[in-house]
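Peer 1: Can you read through this structure? Questions will come right after.
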Amino acid sequence: MEAARTYSPRAREIARRWHVIDATERRLGRLASEIAGLLRGKHKAMYVPHMDVGDYVVVVNATKLAFSGKNKPRQKMYYRHSGYLGSLRATSLEQMMNAHPERVIEHAVRGMLPKNSLGRSMFRKLRVYPGPNHPHQGQVQALAEVVTHD
């Protein structure tokens, strides 16, 4: 009896779609996990963890995100450190949303992707815009309906 062969997709077989997601009144964590799944390609039958089979994702209206808890924008902090002594910088979610709302979504999604070159190539397929307009109208054939569980 012959053993079953494991299917592995070839690069030319991967068909990438463009998904446009409206972030208006969506919770950050739930939205980010949904986006990470689309970027990884986990919604496809040909998903394999060692290849980038995911789709492109365009997120619009990043300024209109919703957060659980009324104090979350003031309490949640983003930290960065240059490596020099005493150079730890902290920015609150509220400050980040005022200055760069797209970075909030990017930061959350990046944390949900693999921490290697495969994750970096997946992250490059994400585009986040603060308003409703985006320059990818030509790539998007149809708006992808994304199931929400909010």
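Read-outs: derived from the displayed coordinates by stated rules, not from any lab. All values reported here derive from a predicted model rather than from experimental measurement. Note that we place each Cβ from the backbone using ideal geometry, even for glycine, and neighbour counts take in every protein chain shown.
Peer 1: Calculate one ³J(HN,Hα) per residue across the stretch 53-69 by plugging θ = phi - 60° into the Karplus curve 6.51 cos²θ - 1.76 cosθ + 1.60, and present them in order as whole Hz with x for glycine and proline.
Peer 2: 10, x, 9, 7, 10, 10, 10, 10, 6, 5, 6, 9, 4, 10, 10, 7, x
Peer 1: Please list 3J(HN,Hα) in residue order for the stretch 97-110, calculated via the Karplus relation 6.51 cos²θ - 1.76 cosθ + 1.60 where θ = phi - 60°; whole Hz, with x for glycine and proline.
Peer 2: Listing the rounded values in order: 5, 6, 8, 9, x, 5, 5, 5, 5, 4, 5, 5, 5, 4 Hz.
Peer 1: For the peptides 29-38, 87-96, what is the packing order when you average, over each peptide's residues, the other Cβ atoms within 10 Å and list the highest mean first?
Peer 2: 29-38, 87-96
Peer 1: If the reach is capped at under 18 angstrom between alpha carbons, list the aspartates and glutamates near Lys42, excluding any in the same chain fewer than eight residues apart.
Peer 2: Leaving aside aspartates and glutamates fewer than 8 places away in the same chain, those within reach of Lys42 are Glu13, Glu34, Asp52, Asp55, Glu145.
Peer 1: Then there's this: Using a cut-off of 12 Å between alpha-carbon atoms, which aspartates and glutamates can reach Lys76, once sequence neighbours fewer than 8 places away in the same chain are excluded?
Peer 2: Candidates past the 8-residue exclusion: Glu94.
Peer 1: Counting helices only, and only those DSSP H runs with n ≥ 4, report the 222 nm mean residue ellipticity of the chain as the sum of -39,500 (n - 2.57) divided by its residues, in deg cm²/dmol to the nearest 500.
Peer 2: Mean residue ellipticity at 222 nm (helix-derived): -7500 deg cm²/dmol.
Peer 1: Which of the following values of mean projected area of the Cα convex hull in nm² was calculated from the structure shown: (i) 8.2; (ii) 12.8; (iii) 10.0?
Peer 2: Recomputing mean projected area of the Cα convex hull in nm² here picks out (ii).
Peer 1: Which far-off residues, 5 or more places away or on another chain, put their amide H under 5 Å from the one on Val128, with H placed in the peptide plane?
Peer 2: Here the answer is Val59, since their amide H atoms fall under 5 Å of that of Val128.
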